[in-house]
1. If you take every DSSP beta bridge fully contained in the chain, what fraction is antiparallel? Give it as a percent rounded to 5.
2. Considering only protein heavy atoms, what is the solvent-accessible area of His252 at a probe of 1.4 Å, reported in Å² to the nearest 10?
3. What number, rounded to the nearest 500 deg cm²/dmol, is the helix-based mean residue ellipticity at 222 nm of the chain, given -39500 (n - 2.57) per DSSP H run of at least four residues and division by all its residues?
4. In the chain, which cysteines lack any other cysteine Cβ under 4.7 Å from their own?
5. From the residues Val151, Thr166, Thr240, which one has its Cα farthest along the dipole of the stretch 126-248 in the positive direction, the dipole being from +1 and -1 charges on Cβ of Lys/Arg and Asp/Glu about the Cα centre?
6. With the alpha-carbon atoms as the only input, what is the per residue convex hull volume for the stretch 1-70 in Å³?
7. Could you state the accessible area per residue of the chain in Å², with a 1.4 Å probe and every protein chain left in place?
8. Using only alpha carbon pairs under 8 Å that are at least six residues apart, calculate the relative contact order of the stretch 242-329 and give it in whole percent.
Amino acid sequence: MNESSTIFDVIILGSGPSGLTAALYTSRAFLNTLVIAGNPPGGQLTITTRVENFPGFPEGVLGTEFISNTRKQVKNNGAKLIDENVLKISGSFEDNFTVETDAGNIYKTRTIIIATGSSAKWLGLESEKKFIGKGVCACATCDGFFYKHRVVAVVGGGDSAMEESTFLTRFATKVYVIVRKGKKDLRASKYMQKKAFDDPKIEFIFNSVVKEVIGNDVVTGIKISTKNIKDGVEVEEESTLQVDGLFVAIGHEPNTKFLEGLVELDEKGYVKMFENHKTSKEGIFVSGDVHDHIYRQAISAAGYGCQAAIDVTRFLSDHGIETHVSSYE
Ligand code: NDP
């Protein structure tokens, strides 16, 4: 283990829009800032194609370009970034926190902002992995626009799948919804179900699972397996659907495994946020999708990052640690 002698004012965990925005604000408040960016760094924006709903980019911007530019901006303002994953956090605000990473490094800090985001759940198919960003997506709000006048499929039977499929009808000519259970066991709320059932562009395919994503450079179809009852006997039948895109909407999970026992998590594993972006442990703050499972947008995550950074700056100032918080007042 390599232990740095520096005590950072703040260590930010995660380098999506939330973590990077937080770092921009803390470094500009002259807090000695380290971003433990993750490996691979950048979060969900690095697996989307073009971001077109972040203000300031009239033609949109590639997710990867957005992240790499924001990293440069953060570095130019004095923060340090390292592409490592956090394994463990110990200590306290009084005695400083110790953060251990998978690269065998140990860092010390006065405060922490958790901005590790959440990850879309995937089906786990090899062919799905191959087409992520090339027709396989996990966010209709981000990527739906690219499917204007196209046919798409959505997998899932929860509120996310209903919301995504309804949203996709703004662009697509047809939206198949592939649900692994039957109609009566659909998990989505009745209201969301009705909205989807009433939409003439949406067709449900129940009792079905996606077996394979098909295509060369981009997605051209999916193979599905459907359980049917024939002459009183259950039979599985395979078929192919021609689609241009597959939206996987089977839920998200917050990246909080390493936080168990350190800060309070809710029943779904998201970090519980108290006033001023505080967690249940003094000196540890939170921002972005790791606490927010409602909005989950790059712009809202960035907004939370800004707020958390200002809260940390004020917190340190209130504890007599010299900062330039007055510049925000
Ligand atoms: P959910 O966990 O509620 O639903 C996940 C769905 O995906 C279920 O239908 C599940 O099937 C299916 N699924 C899971 N794994 C697989 C798999 N490997 N293959 C095929 N299907 C699979 O997640 P959501 O993201 O839909 O919702 C999460 C929470 O967010 C909920 O509380 C929801 O109400 C809320 N939400 C609210 C919205 C709103 O109010 N506007 C919008 C979106 C979400 P099965 O049922 O068989 O387990």
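The values are calculated or read from the model by the stated rules, or taken from the named source; none is laboratory data. The structure displayed is predicted, hence computed values, not measured ones. Virtual Cβ from ideal backbone geometry, glycine too; neighbours counted across all protein chains shown. Surface areas here come from the heavy atoms of the whole protein model, side chains and all, with no ligands, DNA or RNA. Shrake-Rupley method; radii C 1.70, N 1.55, O 1.52, S 1.80 Å.
1. Rounded to the nearest five, the antiparallel share is 50 percent.
2. 40 Å²
3. Result for the chain: -6500 deg cm²/dmol, rounded to the nearest 500.
4. Cys137, Cys306
5. Highest projection toward the positive end goes to Thr166.
6. 93 Å³
7. Values: 16190 Å² over 329 residues.
On a per-residue basis, the chain sits at 49 Å².
8. Computed over the stretch 242-329, the figure is 18 percent.
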